[in-house]
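Below you'll find the structure, written out as C-alpha cells, and then a few comments.
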Amino acid sequence: MGKNKLISFDLDGTLVEPTYINLVWERGIPELYAQKNHITLEQATAKVMKEYERVGDGSLIWYDIKYWFDFFDLPGNWKGLLEEHRKEIRLFPEVKEVLEELKKDFELIVTSNAAREFVEMEVKETGISHYFRRIFSATSDFGEVKKIPQFYKKICDIMGVPPSQMIHVGDHYEFDFLVPQKLGMKAYYLDRNGTKPKDGFTLKNLKGFVQLLK
C-alpha cells in the first residue's frame, strides 16, 4: 500500500449498518405521524415515504430531521427519536478489522451526507472516532449534498491533498462512485446487495477493498 494517501469513507451503508437510520426515517417518523393523525401505520408510512420521494436524496432537506418534524407537525422531540433507537446502531462485521489494517498506511476520514446529529450519534455509539483524522457531514458542514465534484474538491483542499491522492468508497452509486471519479479521484462502489455487475471498482464488502488496495 502506498504512503501519504487519504481514504474517505461514506458512513451509512458503508461502515454502519442501515438498521438505525431506517428505524428513524421509515418507522419512527411514520409512527409519530400515525399517532398524530389517528391513521394506521401502513397509511402513515405510505404518506411519509411519498413525501420523501417528492423531495429526493439530492436535496438538503431530505437529510434534515428537524425539517421533517416541522413539515409533518409531529409530536415529541426529534432528539428523543434518535435516542430511542440508538441501541440499533451497529457496524458491519468487517469494519473494525478493515480500519485497523488501513490506518497503518493511510490517513482515514469520513465523508457522509448524513446530518451531523446522525453522524455524531453513530460514531459515538460504535466507538470508531479514533480511526479518523476528520469526520465531515456534507449537509451540516457545507450545506450541500455529495452530488457535484466540487464538493470533493473542498475536502481535498481542507485535507491538503490533490484528488489523485484521495480514495473514496461508499454505497451510493452516483454520490460515492461516479461523482468523485469526475474529479480524478479513485473511487470504489460498495455493492453489498450485488445490484451491479462485478468489476475492479465494485466491492461486496470492505475486506475486498483492502485486497484491492494491496
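The values are calculated or read from the model by the stated rules, or taken from the named source; none is laboratory data. All figures in this text were calculated on a predicted structure; none of them were measured in a lab. Cβ: placed from backbone, ideal geometry, glycine included. Neighbour counts: every protein chain shown. These area figures cover heavy atoms from the full protein model, side chains too; ligands, DNA and RNA do not enter into them. Shrake-Rupley method; radii C 1.70, N 1.55, O 1.52, S 1.80 Å.
General observations
- Residue list for the range 17-44, given a label point 7 angstrom along the Cα-to-Cβ vector of residue 96 and an amide N cut-off under 16 Å: 17
- Euclidean distance between Cα centres, the range 176-203 to the range 78-134, Å: 21
- A full extension of the chain between residue 51 and residue 178 corresponds to an added length of 43.1 nm, given 0.36 nm per residue minus the alpha carbon distance.
- Database remark: amide H of residue 186 closer than 5 angstrom to the amide H of 166, 168 (H placed geometrically; neighbours at sequence offset of 5 or more, or on other chains; Pro and chain starts carry no H).
- In this simple spin-label model, placing a label point 7 Å from the Cα along the Cα-to-Cβ direction at both residue 144 and residue 71 gives a separation of 2.2 nm.
- Cross-linked pairs 146/198; 50/154; 146/186; 5/79; 103/154: Cα-Cα separations exceed 27 Å for 50/154; 5/79.
- Relative contact order, percent, the chain [alpha-carbon distance under 8 Å, six or more residues apart]: 25
- Within the range 1-156: Cβ-based charge dipole about Cα centre, in debye rounded to nearest 20 (Lys, Arg +1; Asp, Glu -1): 520
- Note on the range 1-136: dipole from Cβ charges, positive end direction compared against 118, 38, 129; the farthest Cα belongs to 129.
- Rounded Å value of the spacing that divides the Cα centres of the range 140-173 and the range 18-73: 28
- Rolling a 1.4 Å probe over the protein heavy atoms of the range 1-54, with every protein chain left in place, gives an accessible area that is 48 percent carbon and sulfur.
- In this structure, the pairs whose alpha-carbon distance is over 32 Å, taken from 47/153; 47/196; 66/207, are 47/153; 66/207.
- Given the choices (i) 17.8, 59; (ii) 15.6, 50; (iii) 25.0, 83, Rg and Dmax of the Cα atoms in Å derived from the coordinates of this structure is entry (i).
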